[in-house]
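The values are calculated or read from the model by the stated rules, or taken from the named source; none is laboratory data. Just so it is clear, the model here is predicted, and its values are computed rather than measured. In this analysis, Cβ positions are derived from the backbone assuming ideal geometry, glycine residues included, and neighbour counts consider all displayed protein chains. Note: accessible area is taken over every heavy atom of the protein model, side chains too, but ligands, DNA and RNA are not part of it. Shrake-Rupley method; radii C 1.70, N 1.55, O 1.52, S 1.80 Å.
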Amino acid sequence: MNSISWMLRICLLFIVLVFLNMTSYSQEEKTTTEKFGLHSAGLSLGWFNPSMDYWKTKSEFKGADYSGALEVNAIIDFQIVTNLHGQVGLGYWQESIKDSLQNFGNTTLMLTGIPISIDLRYQIEPLKFSLFTPYLGAGGEFLFVEHKMIFDLNDAPPAKTGSTVMGNLSAGIETKLSDQFAIDLDFRYKFGNYKQDFKIENPANPDESDVVTETISLNGPRIGITLRYIL
């Protein structure tokens, strides 16, 4: 939790600095900064590789292949002031992990995330070169999480659901293809975790069991490309 708190403080500091920068800039360019409104809508495809530390180091899936998950996001972008944009999105990702477990046969663990995100993005105009404009961003998301197991030799238990909050820092490059279309190359690092309850059987007495709560990290990079239609 200390690392998450530290990263959230960095996000807050970044947001404050951006707003201070834009306030100063607006005093010089009042005619161009007062343009709040919808800017674009688009679709983002990316690869998210969460840490999944518990599953990799403590669970029965230690030997499984953790390759990450394809993440799809529908986004709406709006301009706050010149060079500063806000973005809201709705996404979906699912990491599927397979391994052979004793007494269960081939087993599939599916972890599904549905993020609702809010981000700020600041375009760094002084560093613009040719058709490319670099940007920095920070944001957060409310994440719905579903944990599901599928067994080869046993009936699947009910899926477990929950929610958590995550943050991110991002950097990327925007390229305008035309007056109506733009494409972004984006790298972001997400940070956060979720809690999962596990039922531990007592070998000496099968009728008794304990519930253990594990904190599972979702920290990890996301690399993506976004096609946006400029409104």
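Can you pull out the residues in the stretch 64-112 that are among the aliphatic types (A, V, I, L, M), part of a strand (DSSP E or B) and more than 18 Å from residue 157 (Cβ to Cβ)?
Hits for the stretch 64-112 are 69, 70, 72, 74, 75, 76, 80, 81, 84, 88, 90.
Check residue 167 against each of (1) open to solvent by 30 Å² or more (accessible area, probe 1.4 Å); (2) in contact with a helix residue (DSSP H, G or I) (Cβ under 6 Å, 6 or more places away or on another chain); (3) closer than 19 Å to residue 217 by Cα and name the one condition it does not meet.
So residue 167 meets the others, but not (1).
So which residues in the stretch 170-192 are buried (at least 17 other Cβ atoms within 10 Å of the Cβ) and not β-branched (Val, Ile, Thr)?
170, 172, 174, 182, 184, 186, 188, 190, 191, 192
Regarding the stretch 119-126, can at least one residue be identified that is buried (at least 16 other Cβ atoms within 10 Å of the Cβ), in contact (Cβ under 8 Å) with a residue 12 or more places away in the chain and more than 18 Å from residue 87 (Cα to Cα)?
no
Pairs needed: first member in the stretch 192-204, farther than 16 Å from residue 55 by Cα; second member anywhere, modelled with pLDDT under 70 and part of a loop (DSSP other than H, G, I, E, B); C-beta distance under 8 Å; at least 6 residues apart or different chains.
So the pair list comes out empty.
Within the stretch 215-228, does at least one residue satisfy the condition of being β-branched (Val, Ile, Thr), touching an Asp or Glu at 6+ places or on another chain (Cβ under 8 Å), at pLDDT below 95 and surrounded by 15 or more Cβ atoms within 10 Å (Cβ to Cβ)?
yes
Within the stretch 140-154, can one find any residue that is closer than 19 Å to residue 71 by Cβ and small (Gly, Ala, Ser)?
yes
Which numbered condition trips up residue 188, out of (1) farther than 22 Å from residue 88 by Cα; (2) in a strand (DSSP E or B)?
Result: residue 188 fails condition (1) only.
Working carefully through the options 82, 133, find the one that is open to solvent by less than 60 Å² (accessible area, probe 1.4 Å), in contact with a helix residue (DSSP H, G or I) (Cβ under 6 Å, 6 or more places away or on another chain) and over 20 Å from residue 220 (Cα atoms).
Exactly one residue qualifies, and that residue is 82.
Does any residue in the stretch 102-115 that is farther than 12 Å from residue 52 by Cβ and crowded, with 20+ Cβ neighbours inside 10 Å come within less than 7 Å, Cβ to Cβ, of a residue that is of a type in the set (Asp, Glu) and at pLDDT 90 or above six or more places away or on a different chain, and which pairs are these?
Listed by first residue and then by second, the contacts come to 115/141.
Among all residue pairs at least 6 apart or on different chains, which show Cβ distances below 9 Å where the first residue, located in the stretch 141-162, is β-branched (Val, Ile, Thr) and the second is in a loop (DSSP other than H, G, I, E, B)?
Partner pairs satisfying both residue conditions: 145/218; 150/156.
Hey, can you tell me all the residues within the stretch 149-172 that are out of contact with any Asp or Glu (no Cβ under 7 Å at 6 or more places or on another chain) and at pLDDT 90 or above?
Those that are out of contact with any Asp or Glu (no Cβ under 7 Å at 6 or more places or on another chain) and at pLDDT 90 or above: 162, 163, 164, 165, 167, 168, 169, 171.
Here are some conditions: (1) touching a Leu at 6+ places or on another chain (Cβ under 9 Å); (2) exposed (fewer than 14 other Cβ atoms within 10 Å of the Cβ); (3) over 30 Å from residue 178 (Cα atoms); (4) not aromatic (Phe, Trp, Tyr). Residue 155 meets all but one. Which one does it not meet?
If we test residue 155 against (1) touching a Leu at 6+ places or on another chain (Cβ under 9 Å); (2) exposed (fewer than 14 other Cβ atoms within 10 Å of the Cβ); (3) over 30 Å from residue 178 (Cα atoms); (4) not aromatic (Phe, Trp, Tyr), just (1) comes out false.
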